[in-house]
1. I want to check the label-to-label distance for residue 138 and residue 440. Put each point 7 Å from Cα in the C-beta direction and report it in nm to one decimal.
2. What Kirkwood radius, in Å to one decimal, follows from the Cα pairs of region 112-169?
3. In region 345-708, what percentage of the DSSP-assigned beta bridges are antiparallel, given to the nearest 5?
4. Express the C-alpha Rg of region 462-582 as a ratio against the empirical globular expectation 2.2 N^0.38 Å, rounded to two decimals.
5. Return 470, 75 ranked ascending by Cβ neighbour count within 10 Å, so the fewest neighbours appear first.
6. For residue 429 and residue 700, compute 0.36 nm times the residue count separating them, minus their Cα-Cα distance, and round to one decimal in nm.
7. Between residue 600 and residue 126, what is the label-point separation in nm under the 7 Å Cα-to-beta-carbon projection?
8. Hey, with R₀ at 22 Å, roughly what FRET efficiency would residue 109 and residue 154 work out to, going by the Cβ-Cβ distance, to 0.05?
């Protein structure tokens, strides 16, 4: 944990501003003439088992790091005839004798020891020295009762700490965690690093290069996104005059994170210096005496397939190796681990915060209906004008909205799809900003298919499947059977989603659909009971059953599309004609088998009571592809804003004064949901898209914190 003095200094640095998994490890080393820092954890130091040899001919001295063991070799210079030896130290020096790995160590001053080359002498100091060589260890060699010779080792103790927030507020034993480990789970711990993917300075062209010295306060806002590390040293001033403090990393690892040093007056241009990361692989910390130095760390990239070990990716920042002679053995090494935050998708069951849609020619009624829903749901509405969208209204396909989260901060991040239609500039130019991040992953070979539109990307609500908990849900995306000629989501996007770890992937076979989008047959709505949600699945069987009931009731001549206004290209068709069309029945039996197959996959975490079958028919297109919603817009492809549902108006057969396909009300309203039917027929449905395809929603983050799960 960061000390009280360091917290006060950080608070002074962090003036008021606007409001993973990849893992970085930072090592703290101390070579003979180089002191080194870059880590955090007071009681979990790591030692390189340094061995210091003593001499009978001259005095020897060494530097100890508080709490770190030093082995003393007394066997290199031994008087002839030595049979026994004694070891004593000045106050503050703890000395132990270890007879071997199978026996416990004992304090050295308890007795005289038989001379045995298998014994190890271990020296530990826990408090920093006031002066150089102010402590020592004395070894006396004996033959019988008479001492033959003495050897003296002078000691100078220095305390070096590099502290950060280890996020272990739930642990009772937080002082004993290993800061060189990053542990998942509710009882885990470890530092967390946000990715700098927002743009705190709107005048800055590069979202990663905003200036910390910006006079408008951008620098302070920039600092709020970073992890804080505080380097502290205690020991004689003269010792620090002769030793260097070095932070360093490999050129390979430097691309993942960037480090700034708060090394000047807070209001000066040199207040924050970029010292590590990108093209900087080492940094010599200016000498100081007993003070604390603040560093700020930011992530530059999310976990992806390029990480050396995707299951436990690590980037190391060793510190303190010599500038000239890298062959020197380090005195001390220490490590802190940062887990880079994953990008997290939000399911439609989370509360809405902002609705996005496009204004195009003649879609005023659609925009007004969505705006009314947004007001009822209490969320913001953002409209992309036609001058920017250039008639591209498919904002769901253009981007996916999620978020990143650290213990001290969270903010939304838009994932720009590689679809690259006329909306390709909207996420970067209109959404990226202060505390709103942006990212995109483009295929290396520029091969993009319809499955790379994010209408084919969905995330479930939290579930338990096969005994495994998924507290942040599972990502569902469309695909084709392995080995088939059908297209799949581009590899770089699949690799990226897989590397996030916290939302496992489930690829659903959608090769039977012309568009191949998951939202054509699947959606989720909130519910007050059970698991807290229901899964809606398009069901041809439920639609045929409904029409058969209406036919038996004498409504076989009722027409579909009768309510469509101003569209002469739509031919009304009766229930009797639907039920007598053998090709249509055969097509939808096949569709039902495909949906049932998906249902079996989903049922690994669901029961029958968690699934609602929504009546819907499909049609066969040329080349054997299938389209959703032949005889009415599909109801599952909806806008979900909390309890408010914007459902495509079905224009189904009218019986007893009501559209029988609006029966979906009776399935959803008992859950406390309010159904609004939106006419999207001409400008959306006829173009093979629906309400969800023309809208997008930013939602609240999960209340569950991702680092408390075990991937």
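1. Output for this residue pair reads 7.5 nm.
2. After inverting the pairwise mean of 1/r, the radius is 15.0 Å.
3. Values: 36 of 61 bridges.
Rounded to the nearest five, the antiparallel share is 60 percent.
4. On the way: Rg = 20.1 Å, N = 121, 2.2 N^0.38 = 13.6 Å.
This ratio for region 462-582 stands at 1.48.
5. Working: 470 21, 75 15.
So the residues, fewest neighbours to most, are 75, 470.
6. Numbers: separation 271, 0.36 × 271 = 97.56 nm, distance 2.25 nm.
Gain on stretching residue 429 to residue 700: 95.3 nm.
7. Calculated label separation equals 6.4 nm.
8. Details: r = 18 Å, r/R0 = 0.83.
Efficiency, from the Cβ-Cβ distance: 0.75.
All of the numbers you see were taken from the coordinates with simple rules; none came from a lab. For clarity, every value in this text was computed on a predicted model and none was experimentally measured. Glycine gets a Cβ as well: all are built from the backbone with ideal geometry, and neighbour counts include every protein chain shown.
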